[in-house]
Amino acid sequence: MKGLRIEAMLRAQRRGRHISFHTPGHKRRGDDITELSYSDCLYAPRGVLLAAEEDIAKILGAEKSFMLTDGSTSGVFSMLAAARAAGAASVAAPVCSHPSVLHACRAMGIGIVPIPQQVRFGIPRMPKIAEIAQALERADALLLTSPDYYGFFAPLKEARRLCDAQDKPLLVDGAHGSHLHFEPSVYGGTYADLWVDGVHKSLPALTQGAVVSAHAAYAAFLQDSVRLFRTTSPSYPILASVEKAVKYPRNRAIEVAARECRTACGAIDNDDWTKLVVPFGKEARRAAQTLEAHGVYPEFCDGQYLMFYLSPCTKARELNKLRKLLAGIPREAVPEDAPSGVIPMYWEEA
Ligand SMILES: Cc1ncc(COP(=O)(O)O)c(C=O)c1O
């Protein structure tokens with residue numbers, strides 16, 4: 001892959017003479033360096049990190065993008081703080097939003113107007129646009145998650161229209177959607193004022209690698225707010241992996257294979273090829289154990305479904321193995337009134 005600025009800088013430093021009288025205390029293990037004269041400074045970047053962030057912004061269609069080594073959580077905090085600084089004292093958000101939304105609102109004194117989500121067949125459904133509109137009437141901003149953990153897209157186009165009509169910002173938590181920058185019609189950044197890309201989840205970044213971005217009207221607010229929530233000791237291996245993940249080429253072959261596998265495995269008919277959600281009903285936990293006995297680990301088992309998280313790095317042969325194993329594992333139907341495994345966990349603290 002061409003044009004990996006941080007990786008090139010790290011490669012060059014590996015070759016040079018370097019006696020460490022700086023952090024980290026291990027005194028040089030590979031690429032785990034700190035902010036030095038040649039490695040730039042994430043808090044106020046002017047060199048290689050600024051250039052990498054500018055490349056990322058261009059790819060994601062943002063005015064400004066900021067690399068994060070503290071997960072999408074710090075991105076959610078940063079974009080809510082930016083919205084708060086721009087005047088939003090309350091935000092409408094679906095009840096199955098990630099806890100980071102609740103925590104950020106609690107920490108910053110932002111009011112939450114909950115948007116109800118119906119649960120059918122054990123899965124929290126995306127709120128309908130009428131429900132979003134009703135909540136937005138009582139809030140200063142809208143935050144939607146797209147896609148969700150089950151691979152469903154939020155109604156972003158309609159949400160954009162609502163926000164424009166009421167002159168309120170749209171925030172998109174794309175912790176599970178960073179691979180969608182290849183498909184602008186469903187990408188959060190196409191519609192949002194502020195958005196997060198969880199590049200460590202659906203693109204090949206190291207764990208905690210993420211990006212938060214803004215279009216022009218909110219870029220200065222975000223530039224300021226991101227500093228409140230980022231570590232001052234960023235991990236260079238993570239930073240290099242974030243740049244690489246955003247520049248990682250599209251893998252159309254695995255996207256096609258994933259869609260075929262979804263049909264062949266009887267997975268739910270969702271929107272996002274990276275989330276293969278297979279219903280097992282009461283057999284779900286036993287199915288997870290059977291798969292683990294074959295060395296196959298899903299992302300989660302919620303008591304009704306197993307979710308298999310794919311990415312451009314998923315190998316076709318591994319997908320085939322999964323397909324064969326799934327064919328031999330017993331299933332039961334998921335009842336329509338099955339409860340969700342996620343709502344109580346996230347929102348009882350609200
Ligand atoms: C929708 C959503 N938003 C935000 C986050 C936080 O991401 P991270 O774990 O990278 O901090 C998650 C984590 O699973 C998530 O599912």
Per the list (1) at pLDDT below 95; (2) within 22 Å of the chain's Cα centre (by Cα); (3) not acidic (Asp, Glu), residue check on VAL242 breaks on (1)
So is SER65 assigned to a strand (DSSP E or B), polar (S, T, N, Q) and within 26 Å of the chain's Cα centre (by Cα) or not?
yes
Conditions (1) at pLDDT below 95; (2) closer than 18 Å to VAL226 by Cβ; (3) β-branched (Val, Ile, Thr) -> ILE33 fails only (2)
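Only one residue in ALA192, ALA175, ALA205 is within 13 Å of ASP272 (Cβ to Cβ), of a type in the set (Gly, Ala, Ser) and surrounded by 24 or more Cβ atoms within 10 Å (Cβ to Cβ), so which one is that?
ALA175
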For a quick check of your reading: which strands (runs of 3 or more DSSP E) sit entirely within the range 206-317 and have at least 1 residues that are in the same structural domain as TYR150 (by TED's automatic domain parsing)?
210-214
Restricting attention to the range 35-62, which residues are within 23 Å of GLU183 (Cβ to Cβ) and either within 16 Å of the ligand (Cβ to nearest atom) or assigned to a loop (DSSP other than H, G, I, E, B) (or both)?
GLY61, ALA62
Only residues that are free of Cβ contacts under 8 Å to residues at least 60 places away in the same chain, surrounded by 21 or more Cβ atoms within 10 Å (Cβ to Cβ) and within 18 Å of ALA240 (Cβ to Cβ): list them for the range 50-105, please.
GLU53
Filter the range 246-267 down to residues that are aliphatic (A, V, I, L, M) and crowded, with 19+ Cβ neighbours inside 10 Å and give me whichever is nearest to GLY328 (Cα to Cα).
ALA267
Of the conditions (1) in contact with a Leu (Cβ under 8 Å, 6 or more places away or on another chain); (2) more than 11 Å from the ligand (Cβ to nearest atom); (3) not in a loop (DSSP other than H, G, I, E, B), the single one that ARG106 does not satisfy is (1)
GLU158 fails exactly one of (1) more than 16 Å from the ligand (Cβ to nearest atom); (2) crowded, with 22+ Cβ neighbours inside 10 Å; (3) of a type in the set (Asp, Glu), namely (2)
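The values are calculated or read from the model by the stated rules, or taken from the named source; none is laboratory data. Quick caveat: nothing in here was measured; it's all calculated off a predicted structure. Glycine also receives a Cβ, built like all others from the backbone with ideal geometry; neighbour counts cover every protein chain displayed.
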